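These notes are about the structure you will find just below.
All of the numbers you see were taken from the coordinates with simple rules; none came from a lab. Note that the structure is predicted; figures quoted are calculated from it, not measured. Backbone-built Cβ (ideal geometry, glycine too); neighbour counts: all protein chains shown.
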Amino acid sequence: MKHNVRFLIALTLLACQDVAGKHVIMMHFKEYPSFSNCKPSPFANKELDSYGNHAVQRACTFFESGIASGILATYFGYIDVSDLNGNITFPREHEKPLLNLVITPRISPVMMFSKTVHHWELEAGQKVLAYVVERKEDKQTKLLFWDVQEAYPPKNNRLPLNTIIVLADPQDVYVPTGITLTNTNPQLILPDIYIKKGISRITGPLDTLNVKHFFGSVYYLQKTEDLYYVSQIAT
């Protein structure tokens, strides 16, 4: 009996280690913050603009951004949709804390075999914004931070495997550039991304993956065996 208990405890510990060892990449989408109720500032008559005229400053009420669910993204062959908390999670499939981030409404697969995707490519004529997201260390303080910088889309339109592709119109997505403090956690938690009002969520992005290669007519192969009949679906 004691041996059985010890075996169960060891098995449980191994299972926990296996789960803990699966590193992930997390993104969080928020609604783009809005401003309203702007009123002239009492200090406006003391300020001058670049032309020497009195500037009209306004005091505005700032509305905190909420969460943004239903945003589709893909990375390393995985596809996920932001949940009710605005989170997207991918299994971490590359080692270096360096990623490409691309915002575009439509991508197409380049096939390696009849049903196997080799890589994704940008489609000609589609809007696209590209960023490089890299975790760095400050030499003086030894603090780690994410550095997000805008970049050029690949000239050959080929998207590397370490690219997170957010399937949306770039004008509906705001990616803050600059630095954001982070830590040494192997679970990569990227800086927040902001989604503007009016974005086409699930219903639009589901049509943006050009995957017609995966679909075709279905036909049946049939043959007679001893004492039984076999039917197989083929594509």
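Taken along the Cα-to-beta-carbon direction at a fixed 7 Å, the label points for ALA151 and GLU137 span 2.2 nm.
The distance between label points at ASP83 and GLN187 comes to 1.1 nm (points 7 Å beyond Cα on the Cα→Cβ vector). Legend: residue pairs LYS127/LYS155; LYS30/LYS136; LYS30/LYS139; LYS30/LYS96, Cα-Cα distance threshold 21 Å; pairs beyond threshold, LYS30/LYS136; LYS30/LYS139; LYS30/LYS96. Other residues with beta-carbon under 13 Å from the beta-carbon of LEU101 carry, at +1 per Lys or Arg and -1 per Asp or Glu, a net charge of -4. In a simple Cβ point-charge model (Lys, Arg +1; Asp, Glu -1; nothing else charged), segment 66-169 has a dipole of about 220 debye relative to its Cα centre. The H on the amide N of ILE107, modeled in the peptide plane, is under 5 Å from the matching H of ASN210, each at least 5 residues off or on a different chain.
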